[in-house]
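**Q** Dumping the structure here so I can ask a few things about it.
The values are calculated or read from the model by the stated rules, or taken from the named source; none is laboratory data. As the structure is a prediction and not an experimental result, all values here were calculated from the model. Cβ sites come from the backbone with ideal geometry, for glycine too, and all protein chains shown count toward neighbours.
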Ligand SMILES: C[S@@+](CC[C@H](N)C(=O)[O-])C[C@H]1O[C@@H](n2cnc3c(N)ncnc32)[C@H](O)[C@@H]1O
């Protein structure tokens, strides 16, 4: 097991920065990247991880939902899911898995501002409690009615070595939200996407802001059908993927076979 940093080193402490939709994000000097699009943290996350993969619609038609997130970061996606559930017709049973190698502390979470989203600002207290209680390894917390968070404080690979996910808990949605392949290449390999496929249902939808051909090729080699979708906030494209090609009917598919051959030929190394 690699070393787990419970608190970021002082010189790598993520810095709070405002984004253009009035919500805050963080800047990581460890990865030299913002956690969200500076044009709008909340707006970007809603578009990429909720609206595009069809999660709000899913909530209205299912009794249960299972989600896996790569990179818990600020916890914004958890709060957004709570907000979508609040607006849905019924309260589903939620199982939310997330991994985070460099968790924030509750003082940082206390300074988040979700802009003109009163319900997100109200549920900030949920985040503060989560970060306050976090221990190394798997943390299981009830964050709301019928909502269980399994937050792994550690590295992605160590989480998968732990075999924590049972067959009955396979994923409906995968939020792939680590930093970009340029600064965090370890989380964009075929092996990573094979691991994500192994914990997912056939009808899963994986979504990510990343539109890099190399990342799409790694997904294809990892066993996913892959498609382009409209990007958020002025970005041309993002990527969605599934283990069932029919789930991508509304999007423009890439040629997985060609991309896989290019990947195997070393075109992206
Ligand atoms: C883009 S940011 C977080 C986004 C987060 N979903 C949010 O809305 O704030 C990516 C996160 O992935 C975490 N991360 C990067 N590499 C990781 C790894 N190998 N294992 C676990 N977490 C990792 C970073 O520490 C960071 O918090």
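**Q** If the requirement is being within 16 Å of the ligand (Cβ to nearest atom), under 25 Å from residue 22 (Cα atoms) and surrounded by fewer than 20 Cβ atoms within 10 Å (Cβ to Cβ), which of these qualifies: 44, 69, 51?
**A** Of the residues listed, the single one that is within 16 Å of the ligand (Cβ to nearest atom), under 25 Å from residue 22 (Cα atoms) and surrounded by fewer than 20 Cβ atoms within 10 Å (Cβ to Cβ) is 51.
**Q** Further question on the same structure: Provide a single number: the residues in the stretch 232-254 that are outside any loop (DSSP other than H, G, I, E, B), more than 20 Å from the chain's Cα centre (by Cα) and either on the phi > 0 side of the Ramachandran plot or in contact (Cβ under 8 Å) with a residue 24 or more places away in the chain (or both). Give the steps one after another, and end with the answer.
**A** Our first condition is that a residue be outside any loop (DSSP other than H, G, I, E, B); within the stretch 232-254, this holds for 237-242, 245-248, 252-253.
From what is left, the residues that are more than 20 Å from the chain's Cα centre (by Cα) are 245-246, 252-253.
Then drop every residue that is not either on the phi > 0 side of the Ramachandran plot or in contact (Cβ under 8 Å) with a residue 24 or more places away in the chain (or both), which leaves 252-253.
Going through the stretch 232-254 one residue at a time, the tally reaches 2.
**Q** Specify the residue that is modelled with the lowest pLDDT; the eligible residues are those in the stretch 145-159 that are more than 10 Å from the ligand (Cβ to nearest atom), surrounded by fewer than 19 Cβ atoms within 10 Å (Cβ to Cβ) and at negative phi. Walk me through how you get there before you give the answer.
**A** Let us first name the residues in the stretch 145-159 that are more than 10 Å from the ligand (Cβ to nearest atom), namely 145-151.
After this cut, where a residue has to be surrounded by fewer than 19 Cβ atoms within 10 Å (Cβ to Cβ) as well, the list is 145-146, 148, 150.
From the residues that got through so far, the ones that are at negative phi too are 145, 148, 150.
Numbers: 145: 92, 148: 97, 150: 98.
Here the answer is 145.
**Q** Which residues, counting only those in the stretch 46-63, are in contact with a strand residue (DSSP E or B) (Cβ under 9 Å, 6 or more places away or on another chain) and free of Cβ contacts under 8 Å to residues at least 40 places away in the same chain?
**A** If we filter the stretch 46-63 for residues that are in contact with a strand residue (DSSP E or B) (Cβ under 9 Å, 6 or more places away or on another chain), which is where we start, we get 47-50, 52-55, 58-59, 62-63.
If the condition is that a residue be in contact with a strand residue (DSSP E or B) (Cβ under 9 Å, 6 or more places away or on another chain) and free of Cβ contacts under 8 Å to residues at least 40 places away in the same chain, then 50, 59, 63 are the ones that fit.
**Q** Considering the stretch 17-34 alone, what residues qualify as being closer than 16 Å to residue 235 by Cβ, within 13 Å of the ligand (Cβ to nearest atom) and touching a helix residue (DSSP H, G or I) at 6+ places or on another chain (Cβ under 7 Å)?
**A** 19, 25
**Q** Which residue out of 205, 221, 183 is in contact with a strand residue (DSSP E or B) (Cβ under 8 Å, 6 or more places away or on another chain) and buried (at least 17 other Cβ atoms within 10 Å of the Cβ)?
**A** 205
**Q** Can you pull out the residues in the stretch 29-41 that are surrounded by fewer than 22 Cβ atoms within 10 Å (Cβ to Cβ) and in contact (Cβ under 8 Å) with a residue 60 or more places away in the chain?
**A** Step one: filter the stretch 29-41 for residues surrounded by fewer than 22 Cβ atoms within 10 Å (Cβ to Cβ), giving 29-34, 38-40.
Answer for the stretch 29-41, where residues must be surrounded by fewer than 22 Cβ atoms within 10 Å (Cβ to Cβ) and in contact (Cβ under 8 Å) with a residue 60 or more places away in the chain: 30, 31, 32, 33, 39, 40.
**Q** Related question: If residue 53 meets every condition in (1) part of a helix (DSSP H, G or I); (2) farther than 14 Å from residue 145 by Cα apart from one, which number is that one?
**A** (1) is the only condition that residue 53 fails.
**Q** Could you please tell me which pairs satisfy a Cβ distance under 6 Å, a separation of 6+ or placement on different chains, a first residue in the stretch 71-92 that is free of Cβ contacts under 8 Å to residues at least 60 places away in the same chain and closer than 16 Å to residue 50 by Cα, and a second residue that is within 11 Å of the ligand (Cβ to nearest atom) and not in a loop (DSSP other than H, G, I, E, B)?
**A** Pairs found: 75/127; 76/45; 80/45.
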